[in-house]
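Working notes, beginning with the structure itself.
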């Protein structure tokens, strides 16, 4: 086919294929155990699958309302009030989305104009910065502090300017597995109080938090809630990442702008799944069991690699565990991750790729949302190094 005669100027010249796609493809090529991409390898609850099938057979297969199925929005508002004491209006302040990534993109597109600055706490999930840049925004970076990957709020204060439009936060954190505390939320309140700064809070791992800690959602703090888009994921909660189903809460004035964008990106999301989720959440609060479920998996994985040469601090949240390989190799994390996949048969994600300028702390991210037998096999390979 002849090439278009004019050179296309890329809007994302520094962006290539995501590391998740690269490492999963490498794992498949070398028949390695894939602990890189963050998806469970066990089944979705049978009752939920049955409900979706039932809704399909009932004929609920056409467009849902743009905002999402009303019953599902009502159930989610009830859940928010029960868990966090936060009252949201089901018609005006919540929207069902096609995954958390779409919700983040829609929120940024709704509020970012050319030249606006967005503070990004890095390492950051890889969809944040491209969405900012596609909307003409300027990412301003603040690094988490090792070894526990906490936020130094003085660093955040230093980069706040008259151009700061949004601060993006993520708790529990992907990729580092750290969790923001009530003290963190109060520090954030001090920074944004009396300003027009907005917050996008990525809370997709809200139920996956360990060792007796509680999830500190921004919705619990009025100064933050009044200016926040809060993003959640059904996929993370119900072991169904392939459904690409999420939702976003925001006060009415912000949600109105969110919906203007949302309707022209996807318009609406999967109808039978929405109806099934509405029934399922109404009848079951098994999301309250997720923390214990995943803590057992974290502990099992760490016990299995106890005798290895890897060092670790147990993750506080999410279903990712960082392993420090500095006692094994001085290679760059990207190089070692590739070699570990090819030669040792375990795929991971190097954490340097989550920074705008690679920071190589000799850390790899492993997903433990896997069956115990797979985790044991992976651990045996890691212990043999």
(message) Given (1) modelled with pLDDT under 90; (2) surrounded by 10 or more Cβ atoms within 10 Å (Cβ to Cβ); (3) more than 20 Å from residue 336 (Cβ to Cβ), identify the lone condition not met by residue 54.
(response) (1)
(request) Working carefully through the options 163, 220, find the one that is farther than 20 Å from residue 123 by Cβ, touching a strand residue (DSSP E or B) at 6+ places or on another chain (Cβ under 7 Å) and at pLDDT 95 or above. (result) 163
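Looking at 357, 376, 370, 342, which is the one that is at negative phi, part of a loop (DSSP other than H, G, I, E, B) and in contact (Cβ under 8 Å) with a residue 24 or more places away in the chain?
Testing whether each residue is at negative phi, part of a loop (DSSP other than H, G, I, E, B) and in contact (Cβ under 8 Å) with a residue 24 or more places away in the chain leaves just 370.
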(request) From the list 37, 102, pick out the single residue that is within 24 Å of residue 177 (Cα to Cα) and assigned by TED's automatic domain parsing to the domain that holds residue 297. (result) 37
(message) Which residue is surrounded by the most Cβ atoms within 10 Å (Cβ to Cβ), if the candidates are limited to segment 309-331 and must be over 25 Å from the mean Cα position of the chain (by Cα) and within 22 Å of residue 23 (Cα to Cα)?
(response) 310
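Can we say residue 206 is in contact with a helix residue (DSSP H, G or I) (Cβ under 9 Å, 6 or more places away or on another chain), part of a loop (DSSP other than H, G, I, E, B), in contact (Cβ under 8 Å) with a residue 24 or more places away in the chain and assigned by TED's automatic domain parsing to the domain that holds residue 88? Write out each step before concluding.
Working: in contact with a helix residue (DSSP H, G or I) (Cβ under 9 Å, 6 or more places away or on another chain): yes; part of a loop (DSSP other than H, G, I, E, B): yes; in contact (Cβ under 8 Å) with a residue 24 or more places away in the chain: yes; assigned by TED's automatic domain parsing to the domain that holds residue 88: yes.
Judged against the criteria, residue 206 is a match.
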(message) Checking residue 306 against (1) surrounded by fewer than 19 Cβ atoms within 10 Å (Cβ to Cβ); (2) part of a helix (DSSP H, G or I); (3) not assigned by TED's automatic domain parsing to the domain that holds residue 103, only one condition comes out false. Which one?
(response) (2)
(request) Identify the single condition in (1) buried (at least 18 other Cβ atoms within 10 Å of the Cβ); (2) free of Cβ contacts under 8 Å to residues at least 60 places away in the same chain that residue 258 does not satisfy, given that it satisfies every other one. (result) (2)
(request) Hey, can you tell me all the residues within segment 275-295 that are without any contact (Cβ under 8 Å) to a residue 12 or more places away in the chain and surrounded by 13 or more Cβ atoms within 10 Å (Cβ to Cβ)? (result) 293
(message) So residue 326 passes all but one of these: (1) outside any loop (DSSP other than H, G, I, E, B); (2) touching a strand residue (DSSP E or B) at 6+ places or on another chain (Cβ under 8 Å); (3) without any contact (Cβ under 8 Å) to a residue 60 or more places away in the chain. Which condition number does it fail?
(response) (1)
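Would you check which residues across segment 192-216 are buried (at least 19 other Cβ atoms within 10 Å of the Cβ) and over 16 Å from the mean Cα position of the chain (by Cα) and list them?
Residues satisfying the conditions are 192, 198, 210.
If you check 129, 160, 120, which single one turns out to be crowded, with 20+ Cβ neighbours inside 10 Å and closer than 19 Å to residue 218 by Cβ? So that I can check it myself, show each step before the final result.
Values: 129 fails: closer than 19 Å to residue 218 by Cβ; 160 fails: crowded, with 20+ Cβ neighbours inside 10 Å.
The conditions single out 120.
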(message) Considering only segment 234-249, I want to know if a residue exists there that is more than 22 Å from residue 74 (Cβ to Cβ), at pLDDT 95 or above and assigned to a helix (DSSP H, G or I).
(response) yes
(message) Condition (residue is in contact (Cβ under 8 Å) with a residue 12 or more places away in the chain, in contact with a helix residue (DSSP H, G or I) (Cβ under 8 Å, 6 or more places away or on another chain), assigned by TED's automatic domain parsing to the domain that holds residue 242 and within 30 Å of residue 75 (Cα to Cα)) applied to segment 178-187: is it met by at least one residue?
(response) yes
(message) Between 110, 86, which is surrounded by fewer than 23 Cβ atoms within 10 Å (Cβ to Cβ) and assigned to a helix (DSSP H, G or I)?
(response) 110
(message) Quick check on segment 152-159. Is at least one of its residues on the phi < 0 side of the Ramachandran plot, assigned to a strand (DSSP E or B) and touching a helix residue (DSSP H, G or I) at 6+ places or on another chain (Cβ under 6 Å)?
(response) no
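The values are calculated or read from the model by the stated rules, or taken from the named source; none is laboratory data. Keep in mind it's a predicted model, so treat the numbers as computed, not measured. Note that each Cβ is placed from the backbone with ideal geometry, even for glycine, and that neighbours are counted across all protein chains shown.
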